[in-house]
Amino acid sequence: MLVLIAKFGTGGAYSVQAFFFFLATIWTTQLRCSENSPGGSRGHSAHEESFGQSIVEGWKFSWKNEIVRTALLVVMFVSLFIGPFTTLLPVFARDILQVGATGQGLLLTAMGVGALCSAVLIASAGDRLPRGMLMLVSVMLYGFFTVMFAVSPWFWPSMVLMLIIGLCHVHSHALVQTVIQSYSPTEFRGRTMAIFHMSQVVLTVGAMLYGALSSFIGAQWTVASMGAVGALIMVGISIALPGARFIR
């Protein structure tokens, strides 16, 4: 994004993004359901369900299925406690690291590079990954390195930390999404993914919480404390739901 803004300006960068969103929309409309999918036999009963019943059944399935429930808990806690730290990034760039808008762009670029590398790893490794263990450990590390970033007064070490944070961020979202889709039957997949995308609402609530806390204890203490809480919650999930470590 930083390179696009530097070369084409803000308007050009958003135009490139809009073009790729348009391509994604076109490709998505070309997807077709398999005629022999497991949900095919339930097509008639699915149409008879009311909209409210459909939502309730989706929530019931998501809670009863331990793997899906674990994945949703992971992404919700990440969105509430760890992910919103980027809302305070301008404060770090201006007041703590003293690198201004350009430095903030470089920090976000480092995070993006880490995210890209992580996405390539997930796509290339496929089913060989121990998804459950990787999901939990990555979020623990996400919280830990966020704490490290909060206390770092130096720009270049912060860049390296943002690179690692980007790696962990994708594992806490893209990998979770893969787990949810893999362990949801066809007739519930849309509903479980709708709950997954509610993490964006939780992210907004988390950003509000970050803003409120930072006004009382400062940006560094806010990011450090929230990151530590997120990491500790993942430890708690791995203890309370030991089966999560063996998700494939």
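Coordinate-derived values only; no laboratory data. Worth saying up front: this structure is predicted, and the values here are computed from it rather than measured. Here the Cβ is made from the backbone with ideal geometry for all residues, glycine too, and neighbour counts use every protein chain on show.
Taking the alpha-carbon centroid of each part, what is the distance from the stretch 76-100 to the stretch 107-182 in angstrom? Rounded to whole Å, the Cα centres lie 16 Å apart. I need the Debye-formula profile for the stretch 119-212: one equal scatterer per C-alpha, no solvent, reported as log10 I(q)/I(0) at q = 0.11, 0.23 1/Å, two decimals. Debye curve over Cα of the stretch 119-212, log10 I(q)/I(0) at q = 0.11, 0.23 Å⁻¹: -0.41, -1.23.
For the stretch 129-173, the relative contact order comes to 55 percent (Cα pairs under 8 Å, sequence separation of at least 6).
Rounded to the nearest 0.05, what FRET efficiency do Thr102 and Trp59 give with R0 = 51 Å and r taken as the Cβ-Cβ distance? Could you check?
On the way: r = 45 Å, r/R0 = 0.89.
Rounded to the nearest 0.05, the efficiency is 0.65.
Would you kindly state how much longer the chain becomes between Phe19 and Leu232 on full extension, computed as 0.36 nm times their sequence separation minus their alpha carbon distance, in nm to one decimal? Mind showing how you got there, number by number?
On the way: separation 213, 0.36 × 213 = 76.68 nm, distance 4.03 nm.
Once the chain is fully extended between Phe19 and Leu232, it gains 72.6 nm.
Quick check on the exposure proxy: order Trp221, Trp154 from fewest to most C-beta atoms within 10 angstrom. Walk me through the intermediate numbers first.
On the way: Trp221 14, Trp154 11.
Neighbour counts put them in this order, fewest first: Trp154, Trp221.
Exposure proxy ranking for Ile165, Ile67, based on other Cβ atoms within 10 angstrom of each Cβ and starting from the fewest, stands as Ile67, Ile165. In plain terms, the residue of Met193, Met111 with the fewest other Cβ atoms within 10 Å comes first and the most crowded comes last, giving Met193, Met111.
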